[in-house]
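Here the structure comes first, spelled out in structure tokens, and everything after it is commentary.
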Amino acid sequence: MYEIRLHGRGGQGAVLASGLLAAGVVADGRFAVAIPSFGFERRGAPVAAFVRIDEREIRRMTNITNPDCVLCIDPTVARSVDIFAGLKPGGTLVQASAAGPGALHLPPTVATVGVCNAVRIAMDIFGRPITNTLMLGAFARTTGRVELDALEQALAESELRDAGLEQNIEALRRGYAETTVHVVEPRIAA
């Protein structure tokens, strides 16, 4: 089973992104479940959502405390939340950031980093910093866990089909195309 924890801020669509990712994986022919996390919520507050992917039916519906991958759709949320908490050794970070991986403060558990300047791209496409569909493209590019066309199908069948579908497809494709993937040299934990 492959487990993903998404981090963002209220109003950015992290919960919607988790559902779209799960739908894309199902369209790819595997099993997936999206688990939203609801608590104290308001626009701008840190939020998390979770996705599990497997080759067989998934029964576990709990929050993910030891993810294989952290997908962070907001470049500032790591200042207020430990996005790396519980990340498995050899884990993957998919980060919305204008900085390269060398400027990110990575724990030794991170082995692969996908970086996408999602806020800039979102401003180009939407005129606002909504990065969720961009970062799904970044996730697909970084991990190879879901095909881009399966995510496009999930978008076309989602609540976004009537609200800016073409823009969201463009965002998904640009997130995929404009993500750089880096393998991090093994480091010894201090």
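Within the range 118-145, how many residues are within 15 Å of Cys72 (Cα to Cα), out of contact with any helix residue (DSSP H, G or I) (no Cβ under 6 Å at 6 or more places or on another chain) and modelled with pLDDT under 95?
The number of residues fulfilling the criteria is 0.
Of these, Arg52, Arg30, which one is of a type in the set (Lys, Arg), on the phi < 0 side of the Ramachandran plot, surrounded by 14 or more Cβ atoms within 10 Å (Cβ to Cβ) and more than 14 Å from the chain's Cα centre (by Cα)?
Answer to the selection: Arg30.
With within 22 Å of Gly24 (Cα to Cα), modelled with pLDDT of 95 or more and surrounded by 14 or more Cβ atoms within 10 Å (Cβ to Cβ) as the only criterion, which of Gly164, Gly175 stands out?
Of Gly164, Gly175, the one residue that is within 22 Å of Gly24 (Cα to Cα), modelled with pLDDT of 95 or more and surrounded by 14 or more Cβ atoms within 10 Å (Cβ to Cβ) is Gly175.
Quick one: which residue in Val181, Val115 is modelled with pLDDT of 95 or more, part of a strand (DSSP E or B), under 24 Å from Ala32 (Cβ atoms) and in contact with a strand residue (DSSP E or B) (Cβ under 9 Å, 6 or more places away or on another chain)?
Residue meeting the stated conditions: Val181.
Could you tell me which of the residues Thr180, Thr143, Thr131 is of a type in the set (Ser, Thr, Tyr), surrounded by 15 or more Cβ atoms within 10 Å (Cβ to Cβ) and closer than 21 Å to Ala103 by Cβ?
The conditions single out Thr131.
Could you go through the range 157-173 and let me know if any residue there is assigned to a helix (DSSP H, G or I), in contact with a helix residue (DSSP H, G or I) (Cβ under 9 Å, 6 or more places away or on another chain) and among the β-branched types (Val, Ile, Thr).
Yes - at least one qualifying residue is present in the range 157-173.
For Ala85, which of the numbered conditions (1) closer than 19 Å to Ala140 by Cα; (2) of a type outside the set (Val, Ile, Thr); (3) assigned to a loop (DSSP other than H, G, I, E, B) fails to hold?
Condition not satisfied by Ala85: (1).
Does at least one position in the range 39-48 carry a residue that is assigned to a strand (DSSP E or B) and closer than 25 Å to Gly144 by Cβ?
yes
Residues being in contact (Cβ under 8 Å) with a residue 40 or more places away in the chain and closer than 17 Å to Met61 by Cβ: count how many of those fall in the range 1-21.
So the count comes out to 8.
Mind listing whichever residues of the range 93-109 are surrounded by fewer than 23 Cβ atoms within 10 Å (Cβ to Cβ) and either under 19 Å from Ser80 (Cβ atoms) or β-branched (Val, Ile, Thr) (or both)?
Of everything in the range 93-109, those that are surrounded by fewer than 23 Cβ atoms within 10 Å (Cβ to Cβ) and either under 19 Å from Ser80 (Cβ atoms) or β-branched (Val, Ile, Thr) (or both) turn out to be Ser97, Ala98, Ala99, Ala103, Leu104, His105, Leu106, Pro107, Thr109.
The values are calculated or read from the model by the stated rules, or taken from the named source; none is laboratory data. All values derive from a computational prediction rather than experimental measurement. Positions of Cβ are backbone-derived with ideal geometry, glycine not excepted, and every protein chain shown enters the neighbour counts.
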